[in-house]
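> My questions will all concern the structure given below.
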Amino acid sequence: MIGAQAGPLVLLGAGKMGTALARGWIKAGFAAENLTLVDPQPADAVLGFAREFAISLVETVPDRPARALVVAVKPQQFPAAAAKARRAVNGDTTIVSIAAGISISSLEAAFGTGRVVRTMPNTPALVGKGATGIVAGDRAGKEDRDLAGELMAVTGKVVWLDHESLLDAVTALSGSGPAYFFLMVEAMAAAGVELGLEPETAMILARQTLVGAGALVDAEDTPPDELRRNVTSKDGVTAAALEVLMGEDGVALLMARALAAGAARSRDLGL
Ligand SMILES: NC(=O)c1ccc[n+]([C@@H]2O[C@H](COP(=O)([O-])OP(=O)(O)OC[C@H]3O[C@@H](n4cnc5c(N)ncnc54)[C@H](OP(=O)(O)O)[C@@H]3O)[C@@H](O)[C@H]2O)c1
């Protein structure tokens, strides 16, 4: 259960990701009375969620110290939001940020504390199946890391990183990764149509294949390459298709190029 050591928790930005986190915390047993959601224009669903669990939902950050402040505003909203939130930060506050591209040093400067943990979740966090990279600032302590790890664990799997610079790779891999699989579904459905299937049929089959393959990866300890070999008989249909996908200019090369481009862009956008 979250929050053995957690006191008041402020969520800055109750948008898509922030609300997914807050829902996860409540589900994990975090005391609703210790949670404050801050958002100047919350969506109706957020108003309903706050009402349902009697969570405080306010326009501006309350003027009292928080045990943890979770930053979930858009990067461009960060400077203004952080300036207003600083009054909730004192020496006992842990800052946990999910804002893409806002560096640990920017967070430290904005909040005037070294107790900073930076994370990069992805959208499957919305359904508790997220993959999150997480890294602590040099001046963050064990308490900060433990609390941040607990808070992020409700979104799915959390992987600790040794250095902040690795967040660019995480952003390119898992942060943006869901889009690559969505593209794969589109491409597989289109290829099925080329082979004579009705578009709707091809899309149902492609979508469900991703869902099913994902469930198998999730359910079994077997590594993906073994799962792949298990469904590939010699000289069979899968083998013929994989020969194309695993060719010299196949998926491995494309993925390496795609992730390198994504990581470079992530570096460029960082603040
Ligand atoms: N979505 C993803 O896949 C993903 C993955 C990893 C990290 N992230 C990061 O997660 C963060 C949130 O993303 P999101 O998709 O959840 O965005 P979002 O839905 O736009 O949520 C941000 C929320 O913060 C509110 N806000 C704006 N200014 C504020 C202020 N001064 N104080 C408090 N709240 C304020 C926004 O209100 P308005 O709508 O009225 O502006 C909005 O409700 C971003 O920094 C993003 O980089 C997202």
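> Please verify whether region 161-177 includes one or more residues that are β-branched (Val, Ile, Thr) and either more than 16 Å from the ligand (Cβ to nearest atom) or farther than 30 Å from Ile104 by Cα (or both).
Checked against the condition, which is being β-branched (Val, Ile, Thr) and either more than 16 Å from the ligand (Cβ to nearest atom) or farther than 30 Å from Ile104 by Cα (or both), region 161-177 yields no hits at all.
> Being within 14 Å of the ligand (Cβ to nearest atom), buried (at least 18 other Cβ atoms within 10 Å of the Cβ) and not assigned by TED's automatic domain parsing to the domain that holds Arg265, is that true of even one residue in region 29-36?
Scanning region 29-36 turns up at least one residue that is within 14 Å of the ligand (Cβ to nearest atom), buried (at least 18 other Cβ atoms within 10 Å of the Cβ) and not assigned by TED's automatic domain parsing to the domain that holds Arg265.
> Go through (1) at pLDDT 95 or above; (2) under 30 Å from Gly18 (Cβ atoms) and name the single condition Gly250 misses.
For Gly250, the exception is condition (2).
> Look at region 41-93 and say how many of its residues are without any contact (Cβ under 8 Å) to a residue 12 or more places away in the chain, farther than 13 Å from Ala14 by Cβ and either within 15 Å of the ligand (Cβ to nearest atom) or surrounded by 14 or more Cβ atoms within 10 Å (Cβ to Cβ) (or both).
2
> Another question about this same structure. Evaluate the following for Gly18: is it within 15 Å of the ligand (Cβ to nearest atom), assigned by TED's automatic domain parsing to the domain that holds Ile134 and not aromatic (Phe, Trp, Tyr)?
Yes; evaluated as a whole, the condition is true for this residue.
> Filter region 157-169 for residues that are assigned to a strand (DSSP E or B) and either surrounded by 19 or more Cβ atoms within 10 Å (Cβ to Cβ) or modelled with pLDDT under 95 (or both) and give the result.
Within region 157-169, just Val158 meets the criteria.
> Oh, and also: What do you reckon, is Glu143 of a type in the set (Asp, Glu), more than 25 Å from Arg265 (Cα to Cα), buried (at least 18 other Cβ atoms within 10 Å of the Cβ) and assigned by TED's automatic domain parsing to the domain that holds Gly13?
Judged against the criteria, Glu143 is not a match.
> In addition: Taking region 94-121, which residues are of a type in the set (Val, Ile, Thr), surrounded by 23 or more Cβ atoms within 10 Å (Cβ to Cβ) and not in a strand (DSSP E or B)?
Ile98
> Additional query: Considering only region 125-140, state which residues are modelled with pLDDT of 95 or more and either crowded, with 17+ Cβ neighbours inside 10 Å or assigned to a strand (DSSP E or B) (or both).
Selection gives Gly130, Ala131, Thr132, Gly133, Ile134, Val135, Ala136, Gly137, Ala140.
> Filter region 56-101 down to the residues that are of a type in the set (Val, Ile, Thr) and farther than 18 Å from Asp144 by Cα and list them by number.
Hits for region 56-101 are Val58, Thr60, Val61, Val73.
> Output the residues belonging to region 1-16 that are modelled with pLDDT under 95 and among the hydrophobic types (A, V, I, L, M, F, W, C).
Once the filter is applied, which keeps residues that are modelled with pLDDT under 95 and among the hydrophobic types (A, V, I, L, M, F, W, C), region 1-16 yields Met1, Ile2, Ala4, Ala6.
The values are calculated or read from the model by the stated rules, or taken from the named source; none is laboratory data. It should be emphasised that the depicted structure is a prediction, and the values quoted were computed from it without experimental measurement. Cβ coordinates were reconstructed from backbone atoms using ideal geometry, including for glycine residues, and neighbour counts include every protein chain displayed.
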